[in-house]
Amino acid sequence: MKCLFTPELNRETRNEGKGNAEQADRSAIERQLERILQSTRFRKCTQLSRFLRFTVEQTLAGSDAASKETLIGVQIFGHRPDYDPGSDPVVRVEARRLRVKLAEYYEGEGREDPVRVEMPKGGYLPVFNRERLEIPSGAAEAQSLAVLPFAHRATDAALDALSEGLAARLIARLAAGGGLRVVSNTSVLQYKNRAQDARKIGEELSASLILEGSLRRAGKRFRCDAELVSAEDGLHRWSGSFDSGHRDPFAVEDDFASQISSGVRAATIGE
């Protein structure tokens, strides 16, 4: 892990928070924030999600707003402008909960994420650490990959949602991890439930690799079959089958995305 910035922070120091954001890859941090907020641990925690978004966005903007307990109490927790943190510790209590949630996220869903967001104790300004894939000097250009929406035969809203959501999650994970150039989600949506030769798709999207698959459903159980195909010769590079068990569809999406992305990265860049 490479530490992009590890400043000693306190609640009232504007310049440290500003430098924190200036040293970071802003777009990578913004993508990581959305990845966290869409996770199963944060998706239903509306107030903690607003708290995290506020502190990250204010820090990226170079503002000291995220360091002020009174302002957080008013903006995030709905207190009156004369809110006194000394008589109501809600911001400090929720900050502790947020730190725990972030730690749990990175122990589970986020263990492979490229950027780590933390809120050090004693303040509310977040810090960001980034893991980068080290590519040796003179290494070959990164392979390009297109992730197609996963096909299914049934007329089923749940399968439709899982098909598009899984493709979007895979694109985000694989692009964020480095080492691969990944075609955007908007470019691949045209291939949803369209049978077409991988070599033709690769030519149209300028992609050397195609990740495709299928989804099936039996009651509350989902099965996903995925395969990685070379767009140059149509040969398989990797394949895998995954079963969901009886779980929430969002958890299924996250689990499938994690397992498939691990298999793809192992097959392409040896991680």
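The values are calculated or read from the model by the stated rules, or taken from the named source; none is laboratory data. No experiment lies behind these values; they were computed from the predicted model shown. Counting neighbours? That spans all protein chains shown, and the Cβs are built from the backbone with ideal geometry, glycine included.
Scanning region 75-116 for residues that are basic (Lys, Arg) and out of contact with any strand residue (DSSP E or B) (no Cβ under 9 Å at 6 or more places or on another chain) yields Arg80, Arg92, Arg96, Arg97, Lys101, Arg111. Are any of the residues in region 210-220 in contact with a His (Cβ under 6 Å, 6 or more places away or on another chain) and at pLDDT 90 or above? Yes. Determine which member of the set Ser258, Ser184, Ser230 is surrounded by 15 or more Cβ atoms within 10 Å (Cβ to Cβ), within 20 Å of the chain's Cα centre (by Cα) and hydroxyl-bearing (Ser, Thr, Tyr). Testing whether each residue is surrounded by 15 or more Cβ atoms within 10 Å (Cβ to Cβ), within 20 Å of the chain's Cα centre (by Cα) and hydroxyl-bearing (Ser, Thr, Tyr) leaves just Ser258. Residue-level check: of (1) under 30 Å from Ser63 (Cα atoms); (2) assigned by TED's automatic domain parsing to the domain that holds Gly263, Gly123 misses just (2). Selection of first residues in region 188-214 that are assigned by TED's automatic domain parsing to the domain that holds Phe150 and of second residues that are among the charged types (D, E, K, R), restricted to Cβ pairs under 6 Å at least 6 apart or on distinct chains, gives the following pairs, ordered by first then second residue: Gly213/Asp225; Ser214/Asp225. Does Leu170 meet the test of being under 30 Å from Arg99 (Cβ atoms), modelled with pLDDT of 80 or more and either in a loop (DSSP other than H, G, I, E, B) or not assigned by TED's automatic domain parsing to the domain that holds Ser244 (or both)? No: the conditions fail for Leu170. Only one of the listed residues (Arg217, Arg199) is part of a strand (DSSP E or B) and charged (D, E, K, R). That residue is Arg217.
For beta carbons closer than 8 Å, sequence separation of 6+ or different chains, a first residue in region 257-268 that is of a type in the set (A, V, I, L, M, F, W, C) and a second that is assigned to a helix (DSSP H, G or I) and at pLDDT below 90, the qualifying pairs are Ala257/Arg169; Ala257/Arg173; Val264/Leu174. Filtering region 31-77 to residues that are touching a Ser or Thr at 6+ places or on another chain (Cβ under 6 Å) and within 14 Å of Asp113 (Cβ to Cβ) leaves Leu37, Phe42. All of (1) farther than 29 Å from Arg116 by Cα; (2) modelled with pLDDT of 85 or more hold for Ala226 with one exception: (1). Just one of the listed residues (Ser87, Ser67) is touching a Lys or Arg at 6+ places or on another chain (Cβ under 8 Å), of a type in the set (S, T, N, Q) and farther than 29 Å from Ser262 by Cα, and it is Ser67. Scanning region 233-255 for residues being assigned to a helix (DSSP H, G or I) and surrounded by 18 or more Cβ atoms within 10 Å (Cβ to Cβ) gives a total of 4.
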